[in-house]
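Worksheet: one structure, shown below.
The values are calculated or read from the model by the stated rules, or taken from the named source; none is laboratory data. It should be emphasised that the depicted structure is a prediction, and the values quoted were computed from it without experimental measurement. In this analysis, Cβ positions are derived from the backbone assuming ideal geometry, glycine residues included, and neighbour counts consider all displayed protein chains.
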Amino acid sequence: MEQNQFGSTRSSKLALENTAWKHCRPDMSDVNFEIGKSSYTAKIFGAIVLLAASFGVRMLAKPYFEEESITLLAVDVIFWCFIALIAVLVSITIIHEKKRPTITVSGDTVFCDGKCWTSHEISRVRCTKWLERVEVYVNYKKVLSFPWEMDNSELFIAWVKRCGITFEDMRMKLNEIHKGIE
């Protein structure tokens, strides 16, 4: 089992996927939850930007304190352009997450942005391999997509399994983590 915080969070989410809603009512009338708006991706990239920026500021400030000449190399320009690009992407991701409509599950129905789908209308749900996004399909057309790392996404997958909806699980390293849970 992985020892770091992300690994233990991942393990607990996977464990909850397999145990949630086992004792709910047959009509699922006692099931009610929202899928959170926060994800770890923006936070991780934001931390990378802060770390790189602090390193870069120290690198730029060093010549002022040691009375050396300041010369920016092409590598320095590329470094700062890369940091600026990541900062812009983090900002866009955070804005996108804040504007994302809330996804709510109540009973056997999913609500999002004024639309609703019952478990009988959903043809399949899949979790992609690389970015681990949960995709919901109605009549084989994708109608909803969100990151698996979001709060309560594991409850959604447990709901999918409980409703008998076809679930395609393509996540990476899933078997290794399941071994750690058992």
Open item on the list: Six or more apart or on different chains, Cβ atoms under 7 Å: show the pairs whose first residue is in segment 82-109 and at positive phi and whose second is of a type in the set (A, V, I, L, M) and at pLDDT below 85.
Closed with: Gly107/Met28
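Please work out if His120 is in a loop (DSSP other than H, G, I, E, B) and either loosely packed, with under 12 Cβ neighbours inside 10 Å or touching a residue at least 40 places away in the same chain (Cβ under 8 Å) (or both). Don't jump to the end; show me each part of the working.
Numbers: in a loop (DSSP other than H, G, I, E, B): yes; either loosely packed, with under 12 Cβ neighbours inside 10 Å or touching a residue at least 40 places away in the same chain (Cβ under 8 Å) (or both): yes.
So His120 passes the test.
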Task: Count - residues of segment 75-117 that are acidic (Asp, Glu), surrounded by 12 or more Cβ atoms within 10 Å (Cβ to Cβ) and closer than 23 Å to Ile157 by Cα - done: 2
TODO: Please identify the pairs in which a residue from segment 153-174 that is more than 25 Å from Thr102 (Cβ to Cβ) has its Cβ atom under 8 Å from the Cβ atom of a residue that is exposed (fewer than 13 other Cβ atoms within 10 Å of the Cβ), counting only partners at least 6 apart or on another chain.
DONE: Met170/Lys129; Met172/Lys129; Met172/Trp130
Open item on the list: Can you tell me which of (1) outside the structural domain of Lys161 (by TED's automatic domain parsing); (2) at pLDDT 75 or above; (3) under 21 Å from the mean Cα position of the chain (by Cα); (4) not polar (S, T, N, Q) is the one Lys13 doesn't meet?
Closed with: (1)
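Look through segment 133-159, keep the residues that are among the acidic types (Asp, Glu) and surrounded by fewer than 18 Cβ atoms within 10 Å (Cβ to Cβ), and return whichever of them is nearest to the chain's Cα centre (by Cα). Walk me through how you get there before you give the answer.
Restricting attention to segment 133-159, the residues satisfying the condition of being among the acidic types (Asp, Glu) are 135, 149, 151, 154.
Still in the running and surrounded by fewer than 18 Cβ atoms within 10 Å (Cβ to Cβ): 135, 151.
Values: Glu135: 12, Asp151: 8 Å.
In this case the residue turns out to be Asp151.
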Task: Those residues of segment 127-148 which are modelled with pLDDT of 90 or more and either not hydroxyl-bearing (Ser, Thr, Tyr) or not in a strand (DSSP E or B) (or both), in sequence order - done: Cys127, Val134, Glu135, Val136, Val138, Asn139, Lys141, Lys142, Val143, Leu144
